[in-house]
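Colleague: Provided herewith is a single structure, encoded as structure tokens, for subsequent inquiry.
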Amino acid sequence: MLSCCRWHIRDGNRRNPPASPCCEELPLASLLDGIRVLDLSDWVAGSYCARVLADYGATVTRIEEIDGGRLRREGPFVGDDVHLEKSLLFLHLNANKRGVTLDLESAGGQDLVRRLAAQSDIVIDDRGPDALDQLGIGWDALSAGRDDLVMASITPFGLTGPWRNYRASELTLQAMGGPLHINGTPDREPVKSGGYVAHVHAGIGAAFSVMIARLRVEAGGAGDRVDLAIYETQSGFRDRRTPSLMGAAYAGYPAKRQGGGSIIARGVRPAADGYVNILGHSPRYFGKFLTLIERPDLNDRAESKLPPPQMPQDFIDEVEASYLTWLLQRTKQQVVMETQAIGALGGAVYDTGDLLTDPHYRSRGVWDTIDHPVAGPAEHAGRQLILSETPRAPVHHAPLLGQHNRTVLVDELGLDPADFEALQGSGVIGASTEVPA
Amino acid sequence: MTTNPRGLPLDGDNAHRLPLEGVRVAAVTVVWAGPHVTQLLAEWGAEVIRVEPMNRVQPYSRLSLQRQSPEVQLLSAKAGVTFSLTPDLDPGLDPWNRGSAFNAHARNKRSMTCDITSPEGHEAFLRLIAECDVLVENNVPETIERAHITYEELRAVNPNLIMLRMPAFGLDGPYKNFRGFGTHVEGMIGHHHLRSYEDLGPEYTGDAFTADAIAGILGAFAVTAALRHRDRTGQGQQIEMPLAEAFLPVLGEWILDYTYNGRVAPAQGNRHATHAPHGIYPSSGDDQWIAIDVFNDEEFTALNAVLKTTLHEDERFATNAARLEHRRALDVAIAEHTAPWDKFELFHALQAQGVIAGPVMDELDALASAQLEARGWFEEVTQPGVGTHRHPGILFRMAGTPNYIRRPPPNLGQDNEDIYLNLLGYTREEYEALIAKGLVGTTYSDELLRTAP
């Protein structure tokens, strides 16, 4: 486990480290090479946690119920065809993993999970505070007799506390923990953030948590059990929540919805073909901004030098009218280019069509094309990290149901092929799916 | 004795030491995302040194709105703009040490003043980099590159360095130097559109900084993973993590809906494709709401029982398919029945019947949350000159590794002397010369305070 190189770091002078030929010989292709992860999750947070680990080199084995569980049943679907291999949410969250199907209610299935966990460094679970314990495959069972296991238990409210058994979803977790109450306009109900952002954020947090614990294990320390409550990751959400909590603790006031466009030339405005969000006023460039919107004359008015809260309304109205006229003569892309050119902060309001056709992202190779035996090929959201020394390997499609049953259970775990087939026959192990040629 | 690669004992009780102890991180970060990365690293044991200029103002850092008078702060507070308040709305004589936006992330960190754009500051910074494991920066690429802070240049003084760069859009490509806050980046990746009301344009959504939250936590993961690789091989590296690209996985299924199905996702608001009711409904009091999420008949019947309604007998709402079809009428009907309820009473009543519901909780609700209280999530921190306040807690816990906020947010330049003299090897005389030049200190100049935006 220990390579000699770690001593070079410890003992060497960082300015002039000794040459270490052993380092150069190590065939390390990725950041998380050699880390084995057992993914026991069945919803978004745990699944995404394991996906991140898989993307950067860990070997991730996902355990699924024989019928595929609920993620495969969640839309949208390829061609709106409700099919276990065509859930876009599943395909996104499980790329780069291997898939094994087991009857987790059966003693045989539970035994196989314990044996797989014994060969794993990290276990990920998001099934609820007691679910795995009730199946005999929780922390106590999996960590028995070893002190190097790292396990993340991702739950809505945590493993303790009066709300531990309450149910939750993306919507309610954003509402209870996050900044949902300040999203939207004051005249209407608050509005949630997009997709499963609370779950994905919690999943990344779980990936961070298991990696720091694993770092300690690899250095000779102990493993640990992570207790990650999505309610708490939302409470510690950097998107306005922690600064507002600090503000409330300092002064006793809650944050409120502000709506958009309440300050001069700031916020979302229409352009000829959609919307833009430009920070038009900053003392650094407001003069240039007025010139850009073809009203250099306004620079001669004393009001243009005032802080926005002190600008008279008729001056604001005049700026806004000219700004709007200027905007409606340009596409959102042109607006962004011209305002960036004067140093103004801002951007366009894209939809997914704009995003997938945008030349910047395309020039950077953001999109991964993944071919899938049933769903076919398509572009997916790609890498988040560009690593100068350990580039990410090409991405494999999400596993078909039971695709790796034989590889994992026979070739790696060492089940006798006859036992494997008997367990398949009795429904403990799911059918093996061959990848169509 | 077993030691970790940074020479710390890991035997016995130390086997559960904070995992990042012994890691030293330099932070040249602004705004929201970069400081969040280093907050998370510091919480789990890393020594984070914030490198801060005292002769320039950094956007949304120590010197921003919190300089406002108590009267102006009160107007902001009443209007619900609370990012940058000071204790009791009093900016004091050193508002740069007292702002909520800064102090929410700065706990456990150290502060040195150093202007990396000056020759003296650049020299001090290179000496610091030689002693660090990690550098985190999130500046506009051309700004930091002009200061000669690039991986290639820093490698010369520390070949094993891990450098995390967090530009808005990337270190190359047409938008390399585009300027924007998290909310502008989110516009350019489709999140602003997606989270808008179904029936109102994106103007009504307001700004959000969700991309900063995602990039912050992903950056902490990336640094940890790179440390693991360096522990094994001795090899550092540059990690490029644009805010825009870090956020794309949040949009994964919507991106696939476009690439597989050719469908541009419309604004989602509070709707769910297969759940109804799924929304934010009024409760008693001003601007009080409860979130309710129902996805089968059993739960819908339970919801009706708690609300004492018979909506489930109305044929428009009898099945999930019917409820989805008559979603708007259903929302109106539910809202009528939730409106008289206290949001917490309804929350507990619905949870008792197995219905997924949660009160929309503002910051005062959070400070009074029974669950956060029972788990000891908020922590009391005393900051010299600022006072004792409750601070947001640590994102997750480890059963075998008790963890607390160990140090209050640092006052500006608080650790100058220790860092310059003991870590960087400056003589007392050299150190005094930097102070005399206005490059090292613990306050901003009167001139800067007068002219800063």
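The values are calculated or read from the model by the stated rules, or taken from the named source; none is laboratory data. Source: prediction; values computed, not measured. Note that each Cβ is placed from the backbone with ideal geometry, even for glycine, and that neighbours are counted across all protein chains shown.
Colleague: Considering only residues that are part of a loop (DSSP other than H, G, I, E, B) and touching a residue at least 40 places away in the same chain (Cβ under 8 Å), which ones fall in region B:372-398?
Modeller: B:Gly385, B:Val386, B:Pro392, B:Ile394, B:Leu395
Colleague: Mind listing whichever residues of region A:136-157 are in a loop (DSSP other than H, G, I, E, B) and surrounded by fewer than 18 Cβ atoms within 10 Å (Cβ to Cβ)?
Modeller: A:Gly136, A:Ala144, A:Gly145, A:Arg146, A:Asp147, A:Asp148
Colleague: Might you check whether a residue that is free of Cβ contacts under 8 Å to residues at least 40 places away in the same chain, part of a helix (DSSP H, G or I), farther than 27 Å from A:Gly280 by Cα and within 7 Å of chain A (Cβ to nearest Cβ) occurs anywhere in region B:180-197?
Modeller: No, because not a single residue in region B:180-197 is free of Cβ contacts under 8 Å to residues at least 40 places away in the same chain, part of a helix (DSSP H, G or I), farther than 27 Å from A:Gly280 by Cα and within 7 Å of chain A (Cβ to nearest Cβ).
Colleague: Please tell me if A:Gly34 is in contact with a strand residue (DSSP E or B) (Cβ under 9 Å, 6 or more places away or on another chain), part of a loop (DSSP other than H, G, I, E, B), within 11 Å of chain B (Cβ to nearest Cβ) and on the phi > 0 side of the Ramachandran plot. Walk me through it before giving the result.
Modeller: Values: in contact with a strand residue (DSSP E or B) (Cβ under 9 Å, 6 or more places away or on another chain): yes; part of a loop (DSSP other than H, G, I, E, B): yes; within 11 Å of chain B (Cβ to nearest Cβ): yes; on the phi > 0 side of the Ramachandran plot: yes.
Yes: the conditions hold for A:Gly34.
Colleague: So, one more: Could you list, ordered by first residue, the pairs with Cβ atoms under 7 Å in which the first is in region A:365-382 and within 18 Å of A:Pro399 (Cβ to Cβ) and at the interface with another protein chain (Cβ under 9 Å from one of its Cβ atoms) and the second is acidic (Asp, Glu) and crowded, with 20+ Cβ neighbours inside 10 Å, at least 6 apart or interchain?
Modeller: Correct list of pairs: A:Ala375/A:Glu85.
Colleague: Being at pLDDT 95 or above and surrounded by 15 or more Cβ atoms within 10 Å (Cβ to Cβ) is the filter; apply it to region A:428-437 and report the residue that is farthest from the chain's Cα centre (by Cα).
Modeller: A:Val428
Colleague: State yes or no: is B:Ala101 closer than 21 Å to A:Pro179 by Cβ and assigned to a helix (DSSP H, G or I)?
Modeller: Values: closer than 21 Å to A:Pro179 by Cβ: yes; assigned to a helix (DSSP H, G or I): yes.
In short, yes.
Colleague: Further question on the same structure: Please specify each residue of region A:75-91 satisfying the condition of being at the interface with chain B (Cβ under 8 Å from one of its Cβ atoms) and surrounded by 19 or more Cβ atoms within 10 Å (Cβ to Cβ).
Modeller: Those that are at the interface with chain B (Cβ under 8 Å from one of its Cβ atoms) and surrounded by 19 or more Cβ atoms within 10 Å (Cβ to Cβ): A:Pro76, A:Val78, A:Leu88, A:Leu89, A:Leu91.
Colleague: Step by step: first the residues of region A:183-192, then only those that are at the interface with chain B (Cβ under 7 Å from one of its Cβ atoms) and in contact (Cβ under 8 Å) with a residue 24 or more places away in the chain, then the one that is farthest from B:Gly206 (Cα to Cα). Which residue is that?
Modeller: A:Pro190
Colleague: Inside region A:86-131, can you point out the residues that are acidic (Asp, Glu), in contact (Cβ under 8 Å) with a residue 60 or more places away in the chain and part of a loop (DSSP other than H, G, I, E, B)?
Modeller: Answer for region A:86-131, where residues must be acidic (Asp, Glu), in contact (Cβ under 8 Å) with a residue 60 or more places away in the chain and part of a loop (DSSP other than H, G, I, E, B): A:Asp103, A:Asp121, A:Asp126.
Colleague: How many of the residues in region B:191-219 are closer than 22 Å to B:Pro167 by Cβ, small (Gly, Ala, Ser) and in contact with a strand residue (DSSP E or B) (Cβ under 9 Å, 6 or more places away or on another chain)?
Modeller: Going residue by residue through region B:191-219, those that are closer than 22 Å to B:Pro167 by Cβ are B:191-192, B:207-219.
Cutting the leftovers down to small (Gly, Ala, Ser) gives us B:208, B:211, B:213, B:215-216, B:219.
Cutting the leftovers down to in contact with a strand residue (DSSP E or B) (Cβ under 9 Å, 6 or more places away or on another chain) gives us B:219.
The qualifying residues number 1.
Colleague: Right, something else. Could you identify the single residue in B:Ala46, B:Ala33 that is buried (at least 24 other Cβ atoms within 10 Å of the Cβ) and touching a Gly at 6+ places or on another chain (Cβ under 8 Å)?
Modeller: The conditions single out B:Ala33.
Colleague: Next up: Restricting to region B:399-453, and then to whatever is without any contact (Cβ under 8 Å) to a residue 12 or more places away in the chain and under 26 Å from the mean Cα position of the chain (by Cα), can you tell me which residue is surrounded by the fewest Cβ atoms within 10 Å (Cβ to Cβ)?
Modeller: Looking at the filtered set, the residue picked out is B:Pro402.
Colleague: Here is a check on your reading of the model: is B:Thr205 at pLDDT below 95 and at the interface with chain A (Cβ under 9 Å from one of its Cβ atoms)?
Modeller: Criteria met by B:Thr205.
Colleague: Same structure, new question: Name the residues in region B:373-429 that are more than 10 Å from every other protein chain (Cβ to nearest Cβ), closer than 21 Å to B:Glu47 by Cα and of a type in the set (D, E, K, R), would you?
Modeller: If the condition is that a residue be more than 10 Å from every other protein chain (Cβ to nearest Cβ), closer than 21 Å to B:Glu47 by Cα and of a type in the set (D, E, K, R), then B:Glu379, B:Arg406, B:Arg407, B:Asp415, B:Glu417, B:Asp418 are the ones that fit.
Colleague: Does region A:231-245 contain any residue that is more than 30 Å from A:Arg51 (Cβ to Cβ), at the interface with chain B (Cβ under 7 Å from one of its Cβ atoms) and touching a helix residue (DSSP H, G or I) at 6+ places or on another chain (Cβ under 9 Å)? Full working, then the answer.
Modeller: Within region A:231-245, the first condition is being more than 30 Å from A:Arg51 (Cβ to Cβ), and the residues that meet it are A:244.
Next, from what is left, pick out any that are at the interface with chain B (Cβ under 7 Å from one of its Cβ atoms): A:244.
Subsequent filtering for residues that are touching a helix residue (DSSP H, G or I) at 6+ places or on another chain (Cβ under 9 Å) retains A:244.
Yes: one or more hits.
Colleague: Checking the condition crowded, with 17+ Cβ neighbours inside 10 Å, without any contact (Cβ under 8 Å) to a residue 12 or more places away in the chain, within 9 Å of chain B (Cβ to nearest Cβ) and under 37 Å from the mean Cα position of the chain (by Cα), which residue from A:Leu279, A:Leu355 passes?
Modeller: A:Leu355
Rundown of residues vs (1) among the small types (Gly, Ala, Ser); (2) surrounded by 12 or more Cβ atoms within 10 Å (Cβ to Cβ), yes/no style:
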{"residue": "A:Arg301", "(1), (2)": "no, yes"}
{"residue": "A:Ser304", "(1), (2)": "yes, yes"}
{"residue": "A:Pro308", "(1), (2)": "no, yes"}
{"residue": "A:Met311", "(1), (2)": "no, yes"}
{"residue": "A:Asp314", "(1), (2)": "no, no"}
{"residue": "A:Ser322", "(1), (2)": "yes, yes"}
{"residue": "A:Ile342", "(1), (2)": "no, yes"}
{"residue": "A:Val349", "(1), (2)": "no, yes"}
{"residue": "A:Gly376", "(1), (2)": "yes, yes"}
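Colleague: Turning to a different aspect of this structure: For region B:233-252, check the following and say yes or no: at least one residue is surrounded by fewer than 23 Cβ atoms within 10 Å (Cβ to Cβ), more than 30 Å from A:Ala207 (Cα to Cα) and in contact (Cβ under 8 Å) with a residue 40 or more places away in the chain.
Modeller: For region B:233-252, residues surrounded by fewer than 23 Cβ atoms within 10 Å (Cβ to Cβ), more than 30 Å from A:Ala207 (Cα to Cα) and in contact (Cβ under 8 Å) with a residue 40 or more places away in the chain: absent.
Colleague: Can I ask one more? If A:Ala175 satisfies every condition in (1) facing chain B (nearest Cβ under 7 Å); (2) closer than 30 Å to A:Ile122 by Cβ but one, which is the exception?
Modeller: Going through the list (1) facing chain B (nearest Cβ under 7 Å); (2) closer than 30 Å to A:Ile122 by Cβ, A:Ala175 breaks only (2).
Colleague: Further question on the same structure: Test each condition in (1) within 7 Å of chain A (Cβ to nearest Cβ); (2) at pLDDT 95 or above; (3) within 19 Å of the chain's Cα centre (by Cα) for B:Leu243 and report the one that comes out false.
Modeller: Just one mismatch for B:Leu243, condition (1).
Colleague: I would also like to ask the following. Within the set of pairs 6+ apart or on separate chains, which have a first residue in region B:346-367 that is more than 8 Å from chain A (Cβ to nearest Cβ) and more than 30 Å from B:Glu380 (Cα to Cα), a second that is in a helix (DSSP H, G or I) and modelled with pLDDT of 95 or more, and C-beta atoms under 7 Å apart?
Modeller: B:Leu346/B:Thr338; B:Ala349/B:Val306; B:Leu350/B:Leu303; B:Leu350/B:Val306; B:Gln353/B:Ala302; B:Gln353/B:Ala305; B:Gln353/B:Val306
Colleague: Further, regarding this structure: Out of curiosity, is A:Gly220 facing chain B (nearest Cβ under 7 Å), in contact with a Lys or Arg (Cβ under 6 Å, 6 or more places away or on another chain), modelled with pLDDT under 95 and part of a loop (DSSP other than H, G, I, E, B)?
Modeller: Details: facing chain B (nearest Cβ under 7 Å): yes; in contact with a Lys or Arg (Cβ under 6 Å, 6 or more places away or on another chain): no; modelled with pLDDT under 95: yes; part of a loop (DSSP other than H, G, I, E, B): yes.
Spelling it out, it is not the case that A:Gly220 is facing chain B (nearest Cβ under 7 Å), in contact with a Lys or Arg (Cβ under 6 Å, 6 or more places away or on another chain), modelled with pLDDT under 95 and part of a loop (DSSP other than H, G, I, E, B).
Colleague: Now a separate question. Does region B:288-295 contain at least one residue that is modelled with pLDDT under 95 and at negative phi?
Modeller: Yes, region B:288-295 has at least one match.
Colleague: So is A:Gly161 at pLDDT 95 or above and either part of a loop (DSSP other than H, G, I, E, B) or closer than 18 Å to A:Asp42 by Cα (or both) or not?
Modeller: It is true that A:Gly161 is at pLDDT 95 or above and either part of a loop (DSSP other than H, G, I, E, B) or closer than 18 Å to A:Asp42 by Cα (or both).
Colleague: List the strands (runs of 3 or more DSSP E) inside region B:231-335, counting only whole elements, that have at least 1 residues being among the basic types (Lys, Arg).
Modeller: In region B:231-335, no matching strands (runs of 3 or more DSSP E) lie anywhere.
Colleague: Evaluate the following for B:Glu142: is it surrounded by fewer than 17 Cβ atoms within 10 Å (Cβ to Cβ), away from chain A (no Cβ under 12 Å) and in a helix (DSSP H, G or I)?
Modeller: No; evaluated as a whole, the condition is false for this residue.
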